[in-house]
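A.B. asks: What follows is a single structure, and I will ask about it in a moment.
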Amino acid sequence: MDQGARGRRNGPWPAYNPAVATPGSDLLDRLIGELDTALRVVAGPARGTTPNPAEGLPEPELSAGERRQSAALMRVNHAGEIAAQALYRGQAAVARDPVQRDALLQAGQEEYEHLAWCETRVRQLGGRTSLLAPAWYAGSFIIGALAGIAGDRISLGFLAETERQVSDHLGSHLQRLPPADTPSRQIVAAMQDEEIAHGEQARARGGAELPAPVRGLMRASARVMTTLAQRI
């Protein structure tokens, strides 16, 4: 993906870039900044600045059932990207190392592109995004902050494990998406490549391997979220 390809965004708010929309040093400023970010992510139309992997592809002929299946799966992926935004923001908010904080925010910007891709595809399929988006954001921000408070190595390890599980989840979606739905499949494949890269970067920066019970709890929590997001 050419990260240098940038475009203009039009919407009810000024262009939003999670990597630079950082809170100030004052506690009140930080709180206002995070609330503003949450509102933009949850309620605002996501408009990315990098080319959509499905851009230019013809809309496939799908049956009504296939269209519903694709829309539900892309809604789950959109909910996952809402959660990813909050996880990165929560971790960055308490990161001890400024370099790590900047890296988390930059990774969040790349995840924001995924959010925009998924939202666009859900709408194209005639679907809607999850009604529980505020809950996904709030819960994930808290989890991210707790992981960050545990220390930078634990925070990076949590990030690496999250990305590993997300990559597996996206792989399962590639198997479940209708074969004819090339646009959705292109988006999911591009997302999977970048999630793998984020996980590798976190491990390279010293992320600790999490205990098996923690990894299992993360998988169980993810199953709950994906099950609810597919329906609500």
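Derivation of every value follows stated rules applied to the coordinates shown; laboratory data play no part. Everything numeric here is computed off the predicted structure, so don't read it as measured data. Every residue, glycine among them, receives a Cβ derived from its backbone with ideal geometry; neighbour counts consider all protein chains shown.
A.B. asks: Stretch Leu174-Asp29 to full length: gain in nm at 0.36 nm per residue minus the Cα-Cα span? Show your work: numbers first, answer last.
C.D. replies: Working: separation 145, 0.36 × 145 = 52.20 nm, distance 4.17 nm.
Full extension from Leu174 to Asp29 adds 48.0 nm.
A.B. asks: Tally Lys/Arg at +1 and Asp/Glu at -1 over every other residue whose Cβ is under 15 Å from the Cβ of Leu146; what's the total? Let's see the in-between values first.
C.D. replies: On the way: positive: Arg89, Arg96, Arg153; negative: Asp152, Glu161.
Summing Lys and Arg as +1 and Asp and Glu as -1 gives +1.
A.B. asks: Compute, for the stretch 72-231, the length of the dipole vector about the Cα centre, with Cβ point charges of +1 (Lys, Arg) and -1 (Asp, Glu) only. Units Debye, rounded to 20.
C.D. replies: On the way: 17 positive and 17 negative charges, 115 e Å.
With only Lys, Arg, Asp and Glu charged at Cβ, the dipole is about 560 debye.
A.B. asks: Please give the peptides 124-136, 140-152, 101-113, 69-81 ranked by average Cβ packing (other Cβ atoms within 10 Å per residue), highest first, as a rough proxy for protection. Mind dumping the intermediate values first?
C.D. replies: Numbers: 124-136: 17.1, 140-152: 19.4, 101-113: 21.5, 69-81: 24.7.
The peptides rank, most packed first, as 69-81, 101-113, 140-152, 124-136.
A.B. asks: Relative to the longest principal Cα axis of the chain, at what angle does helix 212-231 sit, 0 to 90 degrees, rounded to 10?
C.D. replies: Its long axis makes an angle of about 40 degrees.
A.B. asks: Mind putting a number on the dipole of the stretch 34-135 about its Cα centre? Charges go on the C-beta only, +1 for Lys and Arg and -1 for Asp and Glu, and I need it in Debye to the nearest 20.
C.D. replies: Values: 11 positive and 13 negative charges, 68 e Å.
Using Cβ point charges on Lys, Arg, Asp and Glu, the stretch 34-135 gives about 320 debye.
A.B. asks: Using Cα-Cα distances under 8 Å and only pairs 6 or more residues apart, what relative contact order does the chain have, in percent? Display every interim value, and only then the final one.
C.D. replies: Details: 323 pairs, mean separation 57.2, N = 232.
Computed over the chain, the figure is 25 percent.
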